[in-house]
1. Among the numbered conditions (1) hydrophobic (A, V, I, L, M, F, W, C); (2) under 27 Å from Ala246 (Cβ atoms); (3) out of contact with any strand residue (DSSP E or B) (no Cβ under 6 Å at 6 or more places or on another chain); (4) not in a loop (DSSP other than H, G, I, E, B), tell me where Leu260 comes up short.
2. Going by the structure shown, is Arg57 exposed (fewer than 15 other Cβ atoms within 10 Å of the Cβ), farther than 20 Å from Leu274 by Cβ and not assigned by TED's automatic domain parsing to the domain that holds Leu264?
3. With Ala186, Ala259 as the choices, which residue is touching a residue at least 24 places away in the same chain (Cβ under 8 Å) and among the aliphatic types (A, V, I, L, M)?
4. Quick check, is Glu397 out of contact with any Leu (no Cβ under 9 Å at 6 or more places or on another chain), at pLDDT 95 or above, part of a helix (DSSP H, G or I) and assigned by TED's automatic domain parsing to the domain that holds Thr304?
5. Within segment 230-256, which residues are among the hydroxyl-bearing types (Ser, Thr, Tyr) and free of Cβ contacts under 8 Å to residues at least 60 places away in the same chain?
6. Determine if segment 265-274 includes at least one residue that is farther than 30 Å from Met1 by Cα and surrounded by fewer than 24 Cβ atoms within 10 Å (Cβ to Cβ).
7. In the list Ala372, Ala406, which residue meets the criterion of being in contact (Cβ under 8 Å) with a residue 12 or more places away in the chain, in a loop (DSSP other than H, G, I, E, B), crowded, with 21+ Cβ neighbours inside 10 Å and of a type in the set (A, V, I, L, M)?
8. Specify the residue that is surrounded by the fewest Cβ atoms within 10 Å (Cβ to Cβ); the eligible residues are those in segment 214-239 that are basic (Lys, Arg) and within 16 Å of Asn290 (Cα to Cα).
Amino acid sequence: MFETVLIANRGEIALRVLRACRELGVRTAVVYSAADADSAAVRLADQAVRIGPASSRRSYLNAAAIVEAARQVGAQAVHPGYGFLSEDADFAEICVDNGLTFIGPPPSVMAALADKSSARALMSRAGLPLPPGSVAPVATVAAAVEVAASIGYPVIVKAAAGGGGRGMTVVRRPGELPRAYARTRAAAQAAFGDDRVYVERYLTEARHVEVQVLCDGHGNGVHLGTRDCSVQRRHQKLVEEAPAPALSAATLDTIAEAALRGALEVGFVGAGTLEFLVDAEERFHFLEINCRIQVEHPVTEMITGVDLVHEQLHIAAGVPLRLRQEEIRLHGVSVECRVNTEDPERNFAPTPGRLERFVPPGGPFTRVDTHASTGYLVGPWYDSLLAKVVVWAPDRELALNRLERALDEFDIAGPGMRTTIPFVRRVLDDAGFRKGRYTTGLVDRLLAASKPAPARPTATPASRSAPAAEPEASHRRTR
């Protein structure tokens, strides 16, 4: 095992990795920006190195500064967490070139899988089904039009180098495609420095199901079952659960086995997630593979009892996989919701500010992964994720009830601050969601239902109109 690991991230995932290292007797060092000088990870780490100002471009995305920090603290390995440089093959290669173990797959494997078009081709050769569409990028709008005509509308134009829900445009009619193609290429170039795109059929009523895999450097691998991540807005997840509900056991087993086969055939090493779309007939289609720990990894840990970050560390240290597939048992149901400082009433606009109260829930089988506390400043520089509330229960109904109870207890308040908790409650109240029969269209449907009807002309004088409501100070439910 490593003596010192450098954690190249921030927020709740930095704290999560730090705790796992501490439990394994591994010394920890964290990098931090000027905005995170007072963070929980900085306070708890054995050593902390400031690497730049608040701007992520000059701090958490500064590969040279991170490698220099690793040298300063004598680290043997770098854990990238999720986001930032976690799936950057160039950063992984820089680490290796500087004698550091990158806790993730080899740079060559990551480079092949980070490119969605390349990943699709590799997984197709491994026998995984793909959505109808182009395997290779489409170089011209004429080629995109030809692909779309052959597979039928609606289609989705995707950046080959995309990720994190960015670089995607849904096209419902042929006349919209030329503009969508040009817009997506421009957005892909701006976001990823790569304007290649491909076109595939857009499945309107589909489930987003993913499989967690662990693979070592000795050719061994296991899957740890499925997760459902269909509750999304703008391709960003809000609620996740494990295992995926309302699908047959045979379908779940087939998806999981296919995911593991694909990961092993491409030489994947570490903790990874293969994502699929599953249609109403339970046909599944490979989407992409994530070469890192996922935000939603706790739900898998809750139903398997496997600490995924511990396993990442052991695998990166060269230890053969300590798990056999037949030893992995799935117990009960776990559900996670993300608590973001965003206003669902204003298209999920971020609402930064200082926390005047932050009292997370407790109780049996309730886990809260967070880096926040009372007095913490939620800045405008980074992702708005504040906490993850994760529950476990023997069955899904009790798990959902437990999550509702936990959200009722969560007391968050700050001037002008809003969170996604009220919207998550709407998801939990939805009849289709309660039955486990929902798709990626759930959030859009709930948002459409909440839009006010167009105002009708009225003779009421303006002076008699009702006053505006006072801003809500807290997201704690009153009874």
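The values are calculated or read from the model by the stated rules, or taken from the named source; none is laboratory data. Keep in mind that what you see is a predicted model, and the values were worked out from it rather than measured. Here the Cβ positions follow ideal geometry from the backbone for every residue, glycine too, while neighbour counts run over all protein chains shown.
1. Tallying (1) hydrophobic (A, V, I, L, M, F, W, C); (2) under 27 Å from Ala246 (Cβ atoms); (3) out of contact with any strand residue (DSSP E or B) (no Cβ under 6 Å at 6 or more places or on another chain); (4) not in a loop (DSSP other than H, G, I, E, B), Leu260 fails exactly one: (3).
2. Values: exposed (fewer than 15 other Cβ atoms within 10 Å of the Cβ): yes; farther than 20 Å from Leu274 by Cβ: yes; not assigned by TED's automatic domain parsing to the domain that holds Leu264: yes.
Yes.
3. Numbers: Ala186 fails: touching a residue at least 24 places away in the same chain (Cβ under 8 Å).
Sole residue among the options that is touching a residue at least 24 places away in the same chain (Cβ under 8 Å) and among the aliphatic types (A, V, I, L, M): Ala259.
4. On the way: out of contact with any Leu (no Cβ under 9 Å at 6 or more places or on another chain): yes; at pLDDT 95 or above: yes; part of a helix (DSSP H, G or I): yes; assigned by TED's automatic domain parsing to the domain that holds Thr304: yes.
Answer is yes for this residue.
5. Step one: filter segment 230-256 for residues among the hydroxyl-bearing types (Ser, Thr, Tyr), giving 230, 248, 251, 254.
Once the filter is applied, which keeps residues that are among the hydroxyl-bearing types (Ser, Thr, Tyr) and free of Cβ contacts under 8 Å to residues at least 60 places away in the same chain, segment 230-256 yields Ser248, Thr251, Thr254.
6. Filtering segment 265-274 down to residues farther than 30 Å from Met1 by Cα leaves none.
Scanning segment 265-274, I find no residue that is farther than 30 Å from Met1 by Cα and surrounded by fewer than 24 Cβ atoms within 10 Å (Cβ to Cβ), so the answer is no.
7. After ruling out the rest, the residue left standing is Ala372.
8. Applying the first criterion (basic (Lys, Arg)) to segment 214-239 yields 227, 233-234, 237.
Still in the running and within 16 Å of Asn290 (Cα to Cα): 227, 237.
On the way: Arg227: 26, Lys237: 22.
Among those residues, the one meeting the criterion is Lys237.
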